[in-house]
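For reference, the structure discussed in these notes is given below.
Only the coordinates and a few stated rules stand behind these numbers; no lab work does. Predicted model only: the values in this text are computed from it and were never measured. Neighbour counts run over all protein chains shown; Cβ positions are idealised from the backbone, glycine included.
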Amino acid sequence: MNTPIYNFIYNLNHNNILRGFMPGHKGKSLKKSLESLYQYDITEMRGADSLFEASGIIAESEKNASKLFGTEYTAYSASGSTLSIQAMLTLMKWEKRKAFAVRNIHRSFLNASALLDFDVEWIYPRYSNEIISGEINLQDIENKLKSCKEPSFLYITSPDYTGKIYDIKKIAEICHKYDSRLLVDNAHGALLAFMPENIHPIHLGADLCCDSAHKMLPALTGAGYIHTSRPEYAKNIKKAMLLYASTSPSYLTMMSLDLCNKYISENIQNDINKNLKYISELKREFANDIDFAKGEPFHLCIKNFNGKEFEKFMYSKKVECEYSDFEYFIMLMSPLNTEYEYKIISQALRYTILSIKPVIKHNDSIDFPEMKKAMSIREAVFAESEEISIEESLGRICAETNIPCPPAVPIAISGELITKETINIYKKYGIFTVNVVK
Ligand SMILES: Cc1ncc(COP(=O)(O)O)c(C=O)c1O
C-alpha cells in the first residue's frame, strides 16, 4: 500500500528544498539527535494538502485507511479520539438527537457534552467491586430507546480501560430497531479490525466510531481516526472536526497514520497472531497464580493483587505498566511487542508473585445509585465553583466531574447532586476534594 504523506515529505527533504514556509524550525532541531524528526514536520505548504479540506495526499491516505478498516469513510485526527468524539457528538447535535450513554464514559465525552449542551440520559452498568468496568444489560438499553419519543443516539465505550468488550452487534441491532444511532468510543480498540476475526465496531454495526491509533497501533501520540458506516455522516465529518481542532494539525502525527496503513496491509496480521500466541502462553504459564481479566487480549489486566503493590515489584524489574490501582494492574501490549519482551514480563511476573500475596476479593456489588440531576452538565461546568472537602460535599452540586485518571471513569458528573454513596466511592478511589457549584 502506498504512503503518500510520507513520500511527499521524504521527497521534500531529499530534494533539499529551501524552507521558505512554516514551521519556524526550518527542519532543524536544537538537539542534533532529533534532527530527522524535525525534518518530517511540515505544514500546509503547496502539495501537502490540508486535513480539513483534503483532496490530495491526505485524502488519498485516508482512503487507504478506510479500505483497510472496511468503512464508508475514515478521517484522520491529529488530536486523538477526543476530537473524533467532539465531531461524532456534533453530528448528533445537528440531527437534534437525544443522548443516551452508558455511564463508564471517558471525560472527553463529558467535555463535548458540556460544549454542545447535551442533557445526557445515563444507562448504568451493573458494577461489582469497582467502577471501571461493569456489565451492560441489553434490556436496559432497549427499555430506554423504546420509551424515547424523539430521535436518539446511544454512546458506549468498548473496549473499556480493562479491555472489556460489549456485544456491539446486539447493541447495534437494538439501536437500529428504534432508528437510533450507535456511537462507539473504540479509543482502546484500533486493532480490532485486524484480529483473526474482525470485531471492529464499524464491522459489527456501529454508525460512528473513534479509534486512538496511538494507543494500540504504531502511531504517534495524538493519532486517531473517526470512522462511519453512513454516507450522510461522511460528508459532514470534517466540518464538525473543524469546529474544535487546530488549523495546523501535526504532519508528523498524520504521517504516522499514513505509515500505519502500510504496516496494516503488510504486517499487522502476522504480528497480531504472534502476539496472541505469546499472550496466551504467558497467561497459561501463570494460570494458577494470576487472575487475568477476560476481554480484548492486548489489555493484560491482572485482578487478584493490589495493583499498586504489584506495580512496585514489576518496576523494580524494569517493567512499567499503563495503570494500577488497589484493584488492577494493567499493561497495554501491541502488535509490535516481541517474544523477548514477553520473556522479560514473565520473569518480572514470577518475581512479583513470589514477593507479594494475592488479595482475596469479595464479589460485593457497588452501591451506585441513580444520580439526581440538579442542573445540566453545561450549566454546572460553566457555573462559578469552589473546591471543598469530600466530607462537606453531601447535597452539593458537582461542578467539575472529578475523575480518577486513569482510568477516567466519572463518579459524580457535573450537574448531579452528591450523595452519601458517591462520597464513599470518592474515598475508595483516594479522592478527598471535589469542585462544587458555589
Ligand atoms: C476510553 C477513552 N476514550 C477516549 C479517550 C481520549 O483519547 P485521546 O487521548 O486519543 O484523545 C481515552 C484516552 O485515554 C480513553 O481512554
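Of all aspartates and glutamates in the structure, the ones whose alpha carbon falls short of 17 Å from that of K438, not counting any fewer than 8 places away in one chain, are E379, E384, E386, E387, E391, E392, E400, E416. When you count the other C-beta atoms within 10 angstrom of each residue and take the mean per peptide, 312-325, 244-257 line up highest first as 244-257, 312-325.
Give the residue list of chymotrypsin sites (Phe, Trp or Tyr not before Pro) in segment 1-75 that are DSSP loop and have at most 16 other beta-carbon atoms within 10 angstrom. It would help to have the intermediate numbers written out before the result.
Details: sites: Y6, F8, Y10, F21, Y38, Y40, F52, F69, Y73; in loops: F21, Y40.
Here the chymotrypsin sites (Phe, Trp or Tyr not before Pro) that fit, given the DSSP loop and packing criteria, are F21.
Going from the fewest other Cβ atoms within 10 Å to the most, the residues E339, E327 appear in the order E339, E327.
How would D179, D185 line up from fewest to most surrounding beta-carbon atoms within 10 angstrom?
If I rank by nearby Cβ atoms, fewest first, I get D179, D185.
Each eigenvalue of the Cα gyration tensor of segment 90-185, multiplied by 5 and square-rooted, gives one semi-axis; in descending order these are 20, 17, 11 Å. Using only the C-alpha atoms, the convex hull of segment 377-437 corresponds to 67 Å³ per residue.
Membrane-span-like helices in the chain: DSSP H runs reaching 20 Å or more (Cα, own axis), mean Kyte hydropathy at least 0.5? It would help to have the intermediate numbers written out before the result.
Details: long enough: 80-94 (22 Å, 0.65); 251-266 (23 Å, 0.18); 268-285 (25 Å, -1.21); 339-355 (24 Å, -0.13).
Helices meeting the span and hydropathy rule in the chain are 80-94.
Contact order for segment 253-322, expressed relative to its length and based on alpha carbon pairs under 8 Å spaced 6+ residues apart, stands at 17 percent. Its convex hull of Cα atoms gives segment 208-255 a direction-averaged projected area, equal to a quarter of the hull surface, of 3.8 nm². What pairs from K93/K372; K373/K427; K98/K144; K283/K357 go past 20 Å between their alpha carbons? Going by Cα-Cα distance, K93/K372; K373/K427 fall outside the 20 Å limit.
Determine, for K235, K98, K32, the number of other Cβ atoms within 10 Å of each Cβ, and report the residues in order from fewest to most. Numbers along the way, then the final one.
Numbers: K235 11, K98 19, K32 7.
So the ranking, lowest neighbour count to highest, is K32, K235, K98.
Label-to-label distance, E72 versus K427, with points set 7 angstrom from Cα along the beta-carbon direction: 5.1 nm.
If you run the Gaussian network model on the chain, springs between alpha carbon atoms under 10 Å, then out of N288, N275, N306 the most flexible one is N288. GNM on the chain, alpha-carbon springs under 10 angstrom: the most fluctuating residue among R230, R46, R378 is R46. Measuring against 27 Å, Cα to Cα, the residue pairs K294/K317; K169/K215; K177/K420 contain K177/K420 as the ones spanning a longer distance. For the chain, averaging the sequence separation of C-alpha pairs within contact (under 8 Å, six or more residues apart) and dividing by the residue count gives a relative contact order of 16 percent.
Just from its helices, what would the mean residue ellipticity at 222 nm be for the chain, if runs of 4 or more DSSP H residues each count -39500 (n - 2.57) and the sum is divided by every residue, rounded to the nearest 500 deg cm²/dmol? List each step's numbers first, then the result.
Working: 16 runs with 164 residues, N = 438.
-11000 deg cm²/dmol, from helical runs alone.
Here the chain was treated as a single set of alpha-carbon atoms; its pair distances binned every 20 Å from 0 give 24, 54, 22, 0 percent.
The label point for N198 and the one for A374, both projected 7 Å from the Cα toward the Cβ, are 4.9 nm apart.
Taking the inverse of the mean 1/r over every pair of distinct Cα atoms in segment 270-326 gives a Kirkwood hydrodynamic radius of 12.4 Å.
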